[in-house]
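A short worksheet on the structure shown next.
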Amino acid sequence: MPRSRYRFVGEDAPYFMTMTVNHWLPVFTRSQSVEVVLESWRWLQRNEGLRLHGFVILENHLHLVAYAPELPRLIQRFKSYTARQIIDQLKAANAGRLLDLLALFKRRHKQASSYQFWEEGSHPQRIEHEAVMRQKLDYIHDNPVKRGYVDLPEHWRWSSARNYAGMAGVIDIDPDW
């Protein structure tokens, strides 16, 4: 029985995805943790053909719209790499409480590691139409506004709303799909 109704179906369209830190722990309040995510995306853009169309990183989860050949494999590698890097950062920063929680909430079947950083899955939703792409980008960009963190989407540093507003963003995005 599959664990989720969300599936990657084909490689000819971008996908909207959500990735959540295990138990919604607020790890991305640390800019170093956000930088791990951004550097990983930059590497995937340069070396694996990742086309990032939009994103937002909040304190405990992120949303993105992306396309790449073999996107499911890239997402799996992204989650594995970022988890290892961020856990190493947390160890170096003596963030014992967060590490204890990541160990406590680890799923029983995850035997290969002491911690589980990401919740399972990425809830991929295929985007086939311009209207759906616009709706997903608006949802992504409005997330920090709806939470009351900023007044305008482009004021959130860790979002592609800045790119779409003609401002310098923290990472290059591909507005064409």
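The values are calculated or read from the model by the stated rules, or taken from the named source; none is laboratory data. Here the structure is a predicted model, which means the values were calculated and not measured. Note that each Cβ is placed from the backbone with ideal geometry, even for glycine, and that neighbours are counted across all protein chains shown. Please note that ligands, DNA and RNA were not included when accessible areas were found on the heavy atoms of the full protein model with its side chains. Shrake-Rupley method; radii C 1.70, N 1.55, O 1.52, S 1.80 Å.
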Scoring segment 131-171 by relative contact order with C-alpha pairs under 8 Å, at least six apart, yields a percentage of 24
Nonlocal amide H pairs with His53, under 5 Å, H built at 1.01 Å
Val65, Ala66, Tyr67, Asp174
Segment 93-177 - percent relative contact order, Cα under 8 Å, separation 6 or more:
12
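Run the numbers on the chain and let me know its relative contact order in percent, using alpha-carbon pairs under 8 Å that are six or more apart.
Taking the mean separation of contacting Cα pairs over the length of the chain, I get 31 percent.
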For His129, what accessible area in Å² do you get when you roll a 1.4 Å probe over the heavy atoms of the protein chains, rounding to the nearest 10?
110
Reference-scaled alpha-carbon Rg (2.2 N^0.38 Å with N residues) for segment 35-95:
1.17
Report Phe16's accessible area, 1.4 Å probe, all protein chains in place, as a number in Å² to the nearest 10.
10
Work out which GluC sites (Glu not before Pro) in the chain are exposed loop sites (DSSP not H, G, I, E or B, at most 15 other Cβ within 10 Å) and give the longest gap free of them.
12-69
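Which value, in Å to one decimal place, does the Kirkwood hydrodynamic radius take for segment 76-170 when every pair of different Cα atoms is included?
16.2
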With Cα springs under 10 Å, the Gaussian network model of the chain assigns the largest mean-square fluctuation among Pro69, Pro14, Pro153 to Pro69
Provide the convex hull volume over Cα atoms per residue for the chain, in Å³.
127
For a test of understanding, tell me how many lysine pairs in segment 52-177 have Cα atoms under 25 Å apart, given they are 8 or more places apart or on different chains.
7
For segment 125-177, list log₁₀ I(q)/I(0) at each q in 0.14, 0.22 Å⁻¹, using the Debye formula over Cα point scatterers of equal strength and ignoring solvent, two decimals each.
-0.37, -0.84
